[in-house]
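The values are calculated or read from the model by the stated rules, or taken from the named source; none is laboratory data. All values derive from a computational prediction rather than experimental measurement. Note that each Cβ is placed from the backbone with ideal geometry, even for glycine, and that neighbours are counted across all protein chains shown. Keep in mind that these areas ignore ligands, DNA and RNA; they rest on the heavy atoms of the full protein, side chains included. Shrake-Rupley method; radii C 1.70, N 1.55, O 1.52, S 1.80 Å.
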Amino acid sequence: MSIKEGTSIGINNMFDSRNGLHIGKNVCFSDNVTIWTMHHDYNDIHFATKGGAVIIQDFVWVGCNVIILPGVTIGEGAVIASGSVVTKSIDPYTVVGGIPAKKIAERKKQIYQYRPADFYIHMD
């Protein structure tokens, strides 16, 4: 697993990195996000595992209660709406939502001042 600088991770997230998980810079994960890099092949008589690395590029925003499945690449600046299940790769600056996640809008490309970790609240 690799996580670059400026990334913010909410509470109660589960990141499976058995097949590789690569998270870019300034990514924002809301709460209850689950990422899987491996699952079972239901057609295999031995219930074998399969999967692939998940790659999340820079400036992505992942909403609450999102599930990301194995082998997915999420392009730079993409937004995943809360409650979505991502089964396929997402193009850069695309807003997706639903089950399975589908394109619902496009995001402006002028987000390079966005630093989600700057909004972190320190609890003393």
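For the reader, a short list of remarks on this structure follows.
- Residue within segment 113-120 that is open to solvent by less than 40 Å² (accessible area, probe 1.4 Å), outside any loop (DSSP other than H, G, I, E, B) and either of a type in the set (Ser, Thr, Tyr) or modelled with pLDDT of 95 or more (or both) present: no
- Scanning segment 10-42 for residues being farther than 15 Å from residue 86 by Cα, among the hydrophobic types (A, V, I, L, M, F, W, C) and assigned to a loop (DSSP other than H, G, I, E, B) gives a total of 2.
- Qualifying residue in segment 50-59 (condition: of a type in the set (Phe, Trp, Tyr) and either open to solvent by 70 Å² or more (accessible area, probe 1.4 Å) or in a strand (DSSP E or B) (or both)): no
- Those residues of segment 7-48 which are in contact (Cβ under 8 Å) with a residue 40 or more places away in the chain and under 17 Å from residue 79 (Cα atoms), in sequence order: 7, 8, 10, 24, 26, 27, 28, 30
- When residue 101 is tested against the conditions (1) of a type outside the set (Asp, Glu); (2) modelled with pLDDT of 95 or more; (3) open to solvent by 40 Å² or more (accessible area, probe 1.4 Å), the lone failure is (3).
- Hits in segment 60-93 (condition: out of contact with any Gly (no Cβ under 6 Å at 6 or more places or on another chain), closer than 20 Å to residue 40 by Cα, in a loop (DSSP other than H, G, I, E, B) and open to solvent by 20 Å² or more (accessible area, probe 1.4 Å)): 69, 87, 88, 89
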